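As structure tokens, the structure follows; a few thoughts come after it.
The values are calculated or read from the model by the stated rules, or taken from the named source; none is laboratory data. This one's a predicted model, so the numbers in the text were calculated from it and none came from an experiment. Methodologically, a virtual Cβ is constructed for each residue, glycine included, from the backbone with ideal geometry; neighbour enumeration extends over all protein chains shown. With ligands, DNA and RNA removed, areas are computed over all heavy atoms of the protein, side chains included. Shrake-Rupley method; radii C 1.70, N 1.55, O 1.52, S 1.80 Å.
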Amino acid sequence: MLPTPEKEKVLQFIQQQINEQEKKTKATADAEAKAGFEKWLAAGSYKKLASQAISKDGLQAVFNFDNGNLNNTINPKQVGKMKREIGEMKDALIFEKKDNGKALSLNGDVWMDCNPVGVFRKSDAFTISIRIFLPNELKEGVIFHKSDAERLYNFRGYQLNLKNNHLEFNIAHTAPSNAITKVSKAIPPHGQWIQLTTTYDGSSKAAGMKLYLDGKEMETETTMDQLTKEIVFNNGAEPALQIGAWYRGQGVKGAKVDDIIVYNRQLIPFEVNALTGSNSWVSIASKPSEQLKPEEKAILLQYYLSAESSELIAARKQLQQLRRNYADSAENIQELSVMQEMPNPKKAHILIRGNYTSPGEEVHPNTPEAVLPFPSTLPKNRLGLARWLMMEGNPLTARVAVNRLWQNFFGMGLVKTTEDFGNMGQMPSHPELLDWLAVNFRLSGWDIKKMNKLIVLSAAYRQDSRPSKDSREKDPENRLLSHGPSGRLSAEMLRDNALMASGLLNASIGGKSVKPYQPEGLWEINNTSYTRDSGSAVYRRSVYVVIKRSVPNPTLATFDAGERSYCLARRQKTNTPLQALVTLNDPTYLEASLALGYQMAQNSNATEALTDCYRKLTGKQPAAKEVELLNQLREAELKKFKEHPEKGKGWLVAGQLNYTKTNNATIVAANAVVANTILNSDASLSKR
């Protein structure tokens, strides 16, 4: 998360309150385990449990289908519905006989929606139990969930899945990273009725999750334990508990379910076992307190602390509210995706003939020994790789880095194949120079700014970029550095140069991506819409332009910007008529021309204004002949717009600028034409 300083203070304050309340809650539990429990036990208050087949406290719903309907027997006004992708499916309700009652049959495509039952936040404790019959051939499918479709929102909510024939209990904001997940070590029985129960204590920790099979806690493996944000959608249409299938996902085809039970608290193990019918409160609650065995008192103590202690319940509610406050405060904080090592890395294999279904020999992380053996003291993860890259004995890192910096200024690296220093790459044109630059770069503490300064102040860079006839024949690619570099600016540099010269550039650093001008309807190919930003956001540097790989930004893509489908160390260089059409017609360049035209109109000396505009766009002083030609153009355009004002109106409105109502509109329009002409000249588009 990337909170503002103010937001971070708020979160720290709430977290401090949570930490203090957790201590108070534990202290209250310790106190109640003594005085409160003994008083409750002596009063015989526990005897009311004798009449309860299953615990009543916190019970929200029971769906048992015995009456051939989907009614919640605890609250008959709540009725489940059978649904699938296209909506409610009333004819999909199929019951089968089971013992003395009925069970609901599932086909894997239709699910039972228990709305509004089962809506819980990450700070809410809950228990969900279900009796289910899994067919022998079933290996994958969702048993129950509270989600909107399968992975549409990265599994936000909670789910109990059968995955790789193991049970997976998941509570997530965005799985698999922002979630808590446990996976059963044992395979659940198939071909028979079993009772599955999940409990959660509202702590946002994997330790607070438990999974039971037929009333006994299962051995599980924690695969993720970092739930930091809310698991509900807060969009006004909150999904609730759903059974047997989900939209765009695989359900438990051929399974049958019965006795769906939901609590708004975490049941103790004895209560979970009672759901299976293996034990009941009668055996304990019917005894006088003096006849209770130590283990029976221990069970009653667990129940008292879970459901009866008013002081402890109040402390838990206060803790729950603080956790909700934290989640609400963190809800709208911007996030940044950061890669993270898995606790248990996945195995990797050589794929026979590249076929994913034919794994061969298992392979492990390592580096080429011919480059530099990987030290045994480093961890074999991304951190270890980073340290290996920066080791003094690594011959590649510094050379590759300075070669790319050299390419930025000369258009070609000392090693032409910037992306390949291996056997398939080219040899360096100046190996000693590459080595010297690499050593200096490392000794400077990897100072990029210092290296850039060294390159641009070198005699090689400051040469005249016009090649002689002899060097043009012998060194056409300038590999021998016979003359200074020349070439067209990159896509981003062209746009940024136009914005900078016109004074429109928004130089703010950091923040979210921006959506500048682009033709309407491009994103509709992906059934999405593009809403252009407004204000100063459209003038931010090109590095912040939003990238959609399937629909690249047309202005940048036309000038060979990468589409980001893969890493690109060296861009192709093209010259096409479409590039001229972009700089002549794109709103960004027209708006920059209009801004420059308006600035020129503020100077009464036309020649001085023209020269200033030329210097802003090209970085050099115009020749006398160029000034003469541009002045002639300006006078011709000014005469035309005075005689035909309607022809100049198109030059007075561009992007977000509108100068139609200025007193000297014709002068602004004529100057805008001149500025656009300079902007489209080789002097502006190329570096020489």
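Tabulated data
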| item | result |
| --- | --- |
| So residue 675, is it small (Gly, Ala, Ser), at pLDDT 95 or above and surrounded by 14 or more Cβ atoms within 10 Å (Cβ to Cβ) | yes |
| Answer from 382, 399, 387 - the residue that is over 30 Å from residue 230 (Cβ atoms) and either in contact with a Lys or Arg (Cβ under 6 Å, 6 or more places away or on another chain) or open to solvent by 100 Å² or more (accessible area, probe 1.4 Å) (or both) | 387 |
| Residue under evaluation residue 374, criteria (1) part of a helix (DSSP H, G or I); (2) under 27 Å from residue 339 (Cα atoms); (3) open to solvent by less than 50 Å² (accessible area, probe 1.4 Å), criterion not met | (1) |
| Flag if residue 161 is polar (S, T, N, Q), over 30 Å from residue 313 (Cβ atoms) and either assigned by TED's automatic domain parsing to the domain that holds residue 316 or in contact (Cβ under 8 Å) with a residue 24 or more places away in the chain (or both) | no |
| Residue ID - nearest to residue 221 (Cα to Cα), chosen from residues in segment 305-354 that are β-branched (Val, Ile, Thr), open to solvent by 60 Å² or more (accessible area, probe 1.4 Å) and not in a loop (DSSP other than H, G, I, E, B) | 350 |
| Scan of segment 101-119 for residues that are among the aliphatic types (A, V, I, L, M), more than 14 Å from residue 87 (Cα to Cα) and in a loop (DSSP other than H, G, I, E, B), ordered by number | 106, 117, 119 |
| Sole residue being crowded, with 16+ Cβ neighbours inside 10 Å and part of a loop (DSSP other than H, G, I, E, B), chosen from 478, 497 | 478 |
| Qualifying positions in segment 500-525 - in contact (Cβ under 8 Å) with a residue 24 or more places away in the chain, assigned to a loop (DSSP other than H, G, I, E, B) and within 30 Å of residue 413 (Cβ to Cβ) | 505, 507, 513 |
| Residue match in segment 28-45 (condition: assigned by TED's automatic domain parsing to the domain that holds residue 262, β-branched (Val, Ile, Thr) and either modelled with pLDDT of 95 or more or more than 29 Å from residue 277 (Cβ to Cβ) (or both)) | no |
| Search result, residues across segment 414-456 that are more than 21 Å from residue 386 (Cα to Cα), part of a loop (DSSP other than H, G, I, E, B) and in contact (Cβ under 8 Å) with a residue 12 or more places away in the chain | 414, 415, 416, 417, 427, 428, 429, 430 |
| Enumeration of residues in segment 267-295 that are open to solvent by 10 Å² or more (accessible area, probe 1.4 Å), of a type in the set (Gly, Ala, Ser) and over 48 Å from the mean Cα position of the chain (by Cα) | 283, 286, 289 |
| Single residue of segment 250-266 satisfying the filter (open to solvent by 10 Å² or more (accessible area, probe 1.4 Å) and of a type outside the set (Lys, Arg)) that is farthest from residue 190 (Cα to Cα) | 264 |
| Verdict on residue 142 being touching a Gly at 6+ places or on another chain (Cβ under 9 Å), of a type in the set (Val, Ile, Thr), within 23 Å of residue 313 (Cα to Cα) and open to solvent by less than 20 Å² (accessible area, probe 1.4 Å) | no |
| Residue tally, condition of a type outside the set (A, V, I, L, M), surrounded by fewer than 23 Cβ atoms within 10 Å (Cβ to Cβ) and either at negative phi or touching a His at 6+ places or on another chain (Cβ under 7 Å) (or both), over segment 101-119 | 8 |
| Residue under evaluation residue 465, criteria (1) open to solvent by 70 Å² or more (accessible area, probe 1.4 Å); (2) outside the structural domain of residue 615 (by TED's automatic domain parsing); (3) closer than 30 Å to residue 609 by Cα, criterion not met | (1) |
| Residues satisfying the stated conditions in segment 60-78, i.e. under 18 Å from residue 129 (Cα atoms) and open to solvent by 60 Å² or more (accessible area, probe 1.4 Å) | 60, 66, 73, 74 |
| Filter result (under 26 Å from residue 263 (Cα atoms), open to solvent by 70 Å² or more (accessible area, probe 1.4 Å) and of a type outside the set (S, T, N, Q)) within segment 10-59 | 22, 23, 24, 26, 30, 47, 48, 53, 56 |
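Here's the yes/no breakdown for (1) buried (at least 21 other Cβ atoms within 10 Å of the Cβ); (2) over 30 Å from residue 547 (Cβ atoms); (3) not basic (Lys, Arg):
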residue: 568; (1), (2), (3): no, no, yes
residue: 574; (1), (2), (3): no, no, yes
residue: 578; (1), (2), (3): no, no, yes
residue: 585; (1), (2), (3): no, no, yes
residue: 588; (1), (2), (3): yes, no, yes
residue: 594; (1), (2), (3): yes, no, yes
residue: 600; (1), (2), (3): yes, yes, yes
residue: 605; (1), (2), (3): no, yes, yes
residue: 620; (1), (2), (3): no, yes, no
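Per-residue answers, yes or no, for (1) at pLDDT 95 or above; (2) in contact with a Cys (Cβ under 6 Å, 6 or more places away or on another chain); (3) open to solvent by less than 10 Å² (accessible area, probe 1.4 Å); (4) in a helix (DSSP H, G or I):
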position: 190; (1), (2), (3), (4): yes, no, no, no
position: 197; (1), (2), (3), (4): yes, no, yes, no
position: 238; (1), (2), (3), (4): no, no, no, no
position: 248; (1), (2), (3), (4): no, no, no, no
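One line per residue, one yes/no per condition, for (1) touching a residue at least 12 places away in the same chain (Cβ under 8 Å); (2) of a type outside the set (Lys, Arg):
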{"position": "22", "(1), (2)": "yes, yes"}
{"position": "34", "(1), (2)": "no, no"}
{"position": "64", "(1), (2)": "yes, yes"}
{"position": "70", "(1), (2)": "yes, yes"}
{"position": "88", "(1), (2)": "no, yes"}
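Residue-wise test of (1) closer than 21 Å to residue 539 by Cβ; (2) under 43 Å from the mean Cα position of the chain (by Cα); (3) free of Cβ contacts under 8 Å to residues at least 24 places away in the same chain.
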{"site": "605", "(1), (2), (3)": "no, no, yes"}
{"site": "608", "(1), (2), (3)": "no, no, yes"}
{"site": "619", "(1), (2), (3)": "yes, yes, yes"}
{"site": "632", "(1), (2), (3)": "no, no, yes"}
{"site": "641", "(1), (2), (3)": "no, no, no"}
{"site": "646", "(1), (2), (3)": "no, no, yes"}
{"site": "652", "(1), (2), (3)": "yes, yes, no"}
{"site": "668", "(1), (2), (3)": "yes, no, no"}
{"site": "678", "(1), (2), (3)": "yes, yes, no"}
